[in-house]
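Some notes on the structure that comes next.
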Amino acid sequence: MRNRLAALLMALILLVYLVLVVQRAILLIASGSGVGIAMGLALILLPFIAAWAIGRELLFGARTEKLVKLMAAEGTLPADDLPQRASGRPLRDAADADFPQYKAEVEAEPESWRAWFRLGLAYDASGDRRRAREALRQAIRLYRGEQRAGRAAH
């Protein structure tokens, strides 16, 4: 819940920033100089790219949170019993020792969003954030495909 509030606060701050930047961009474009127009156009374009990226991350977070809740309700989330550092992050050696189990699960069931999600959690525990996000995105794609197939069957 705390992370969600922080993300929403950041999105609100971004919105205020966008309004202020667009105002400055309009002033630069209205100046009529070539450099002013170019800077004004850049000021309009770049914040919207940033807003798109933040929106994408918020959507990713909401979708992963939904899958965590589903798996928690099913009892299919892996146990959070790895030894931890003082920061709360799992000890990498312990996480790495558990990793082959989750990789084998995906290899055995490559169409299982649950297996991909657990693999993503294992990558994250091992400190490989890039692969963790890839695995979680795959889990989301598979889940959404399963949902579409379920709706089409009805």
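Only Cα pairs under 8 Å and at least 6 apart count here; give the relative contact order of the range 92-153 as a rounded whole percent.
On the way: 63 pairs, mean separation 19.6, N = 62.
Relative CO of the range 92-153 lands at 32 percent.
Could you grab the relative contact order for the range 1-63? Cα pairs under 8 Å, six or more apart, rounded to a whole percent. If you can, show how the numbers build up before the last one.
Values: 31 pairs, mean separation 18.0, N = 63.
The normalised contact order for the range 1-63 reaches 29 percent.
Can you give me the angle between helix 34-74 and the longest principal axis of the chain, using Cα atoms only, in degrees from 0 to 90, rounded to the nearest 10?
In the chain, helix 34-74 runs at an angle near 20 degrees to the longest axis.
Could you work out how far the C-alpha centroid of the range 27-49 sits from that of the range 92-140, in angstrom?
44 Å
Which residues' amide hydrogens lie under 5 Å from the amide hydrogen of Gln84, considering only partners 5 or more residues apart or on another chain, with H built in the peptide plane?
Leu91
So for the chain, averaging the separation of alpha carbon pairs under 8 Å that are six or more residues apart and normalising by length, what relative contact order in percent results? If you can, show how the numbers build up before the last one.
On the way: 120 pairs, mean separation 21.7, N = 154.
This gives 14 percent for the chain.
Once Rh is set to the Kirkwood radius over Cα pairs, what Stokes-Einstein translational diffusion coefficient, in µm²/s, holds for the range 99-154 at a temperature of 20 °C and a viscosity of 1.002 mPa s? Numbers along the way, then the final one.
Working: Rh = 11.3 Å.
The diffusion coefficient I find is 189 µm²/s.
Taking only Cα atoms and a 10 Å spring cutoff, compute GNM fluctuations for the chain and point out the largest among Leu121, Leu77, Leu45.
Leu45
Using only Cα atoms and rounding to the nearest 10 degrees, what angle (0 to 90) does helix 129-153 make with the longest principal axis of the chain?
80 degrees
Compute the projected area of the convex hull of the Cα atoms of the chain, averaged over all viewing directions, and report it in nm² to one decimal place.
Taking a quarter of the hull surface, the average projection is 13.6 nm².
Per 0.36 nm of contour for each residue apart, how much would the distance between Arg137 and Leu58 grow if the chain were fully extended, relative to their Cα-Cα spacing? Don't skip to the answer; put the middle values down first.
Numbers: separation 79, 0.36 × 79 = 28.44 nm, distance 1.31 nm.
The span from Arg137 to Leu58 would gain 27.1 nm if fully extended.
To the nearest 10 degrees, how steeply does helix 2-30 sit against the main Cα axis of the chain, on a 0 to 90 scale?
20 degrees
Average the reciprocal distances over every distinct pair of alpha-carbons in the range 2-62, invert the result, and give the Kirkwood radius in Å.
Details: mean 1/r = 0.0797 Å⁻¹.
After inverting the mean inverse Cα-Cα distance, the result is 12.6 Å.
Readers should treat all values here as calculations from the given coordinates under stated rules, not as data from a laboratory. This one's a predicted model, so the numbers in the text were calculated from it and none came from an experiment.
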